[in-house]
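What follows is a set of notes on a single structure, which appears directly below.
Just so it is clear, none of the values below were taken in a lab; they were calculated from the coordinates. Every value quoted in this text rests on a predicted model; they were computed, and no experiment measured them. Here the Cβ is made from the backbone with ideal geometry for all residues, glycine too, and neighbour counts use every protein chain on show.
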């Protein structure tokens, strides 16, 4: 069984509908596990009631965790939804996931991992940034290194983006982030295909995932390009939909699906998550029968 890691912020999303376990690494790990991968959340939480509650909730979701307990408080994010159901975040600083430590257990897990998904947000602090670099350097050469840019507020810099791209094999971002990243890198061609080729030339990026909300999504990989429209659904909120997309796509690729098929699976799961409240809704049988490991063709 393939092993994947979701590294970074693990926290409570304080949604209008109530408190929900959140953070991209946890969302990624949850959906990867539903696809049949051995997935871990790698993060840190506080020695406080919110931390205890986060652990208990994670166990109910079947999440495997490599989570340190530190003196800083468990992370929280205040979330409000705009008229289109799109989340607006207030991310609190100097919290537990800013202080993810290097541990012997993490070092051992890094050697075993077949894939990791990480973003820019968890790199806002020196401690977690150094820990991530340590993990990336220990991964097997063939491991999938997924950089989900996930720009949030002021918590990113050109240096963080550049450093991350040097380790990246799969880059994922949305259409609002493309021009920002292109400007940071000094790329002249801001079309999706042109941007991908520039990334290949500069960093050796193997695949590019570009989500465009209701306007569809693109995946570029070597000489392949897949575009799929976004299904029309009744949106409850979009929290975690991008993470579900990334996890499902990566799981399918690791299990030997062709790019187009992996893309379609990712689109279907992401659309379903949009119809539910929160990032980790229970999967309906109709999707589970298509996306769980027994229905993924092993390579």
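At 0.36 nm per residue, and after removing the present C-alpha to C-alpha distance, how many nm does the segment from residue 200 to residue 48 gain when stretched out fully? Provide the component values of the computation, followed by the final result.
Numbers: separation 152, 0.36 × 152 = 54.72 nm, distance 4.45 nm.
My answer for the length gained is 50.3 nm.
With each label point set 7 Å from Cα along the Cα-Cβ vector, what nm distance links residue 111 and residue 228?
Here the answer is 3.7 nm between the modelled labels.
Using Cβ counts within 10 Å as a stand-in for footprinting exposure, how do 47, 212, 250 rank, fewest first?
47, 212, 250
Project the alpha carbons of the range 27-161 onto their principal axes and report the range along each, largest first, in whole Å.
43, 37, 33
Tally the DSSP beta bridges in the range 3-295 and give the antiparallel ones as a percent, rounded to 5.
40 percent
Of the residues 279, 202, 241, which exhibits the maximal mean-square fluctuation in a Gaussian network model of the chain defined by a 10 Å Cα contact cut-off?
Evaluated over the chain, the most mobile residue of the options is 202.
Please tell me the relative contact order of the range 116-238 in percent, rounded to the nearest whole number, where contacts are Cα pairs under 8 Å and at least six residues apart.
RCO, the range 116-238: 19 percent.
If we count other beta carbons within 10 Å of each Cβ, what is the order of 9, 53, 105, fewest first?
Arranged by neighbour count, lowest to highest, 9, 53, 105 become 105, 53, 9.
In deg cm²/dmol and to the nearest 500, what is the mean residue ellipticity at 222 nm of the chain if only DSSP H runs of at least 4 residues count, each as -39500 (n - 2.57), divided by the residue total?
-11000 deg cm²/dmol
Using the alpha-carbon centroid of each, what span in Å lies between the range 128-159 and the range 3-68?
So the two Cα centres are separated by 18 Å.
Return the FRET efficiency for the residue pair residue 90, residue 55: r is the Cβ-Cβ distance, R0 is 35 Å, and the value is rounded to the nearest 0.05.
That pair, residue 90 with residue 55, gives E of 0.90.
Using a Gaussian network model of the chain whose springs link C-alpha atoms within less than 10 Å, name the residue from 34, 123, 153 with the highest mean-square fluctuation.
It is 153.
Antiparallel DSSP bridges in the range 142-299: what percent, to the nearest 5?
55 percent
Run the numbers on the chain and let me know its relative contact order in percent, using alpha-carbon pairs under 8 Å that are six or more apart.
Values: 609 pairs, mean separation 49.1, N = 299.
Relative contact order here is 16 percent.
Could you work out how much longer the chain between residue 260 and residue 285 gets when fully extended? Use 0.36 nm per residue separation minus the Cα distance between them, nm to one decimal.
Full extension from residue 260 to residue 285 adds 6.7 nm.
Just for the Cα atoms in the range 3-295, what are the lengths along the principal axes, largest first, rounded to whole Å?
Over the range 3-295, Cα extents along the principal axes are 49, 39, 39 Å.
For the chain, modelled as a GNM with alpha-carbon contacts under 10 angstrom, which of 132, 121, 55 fluctuates the most?
Highest fluctuation of the listed residues: 55.
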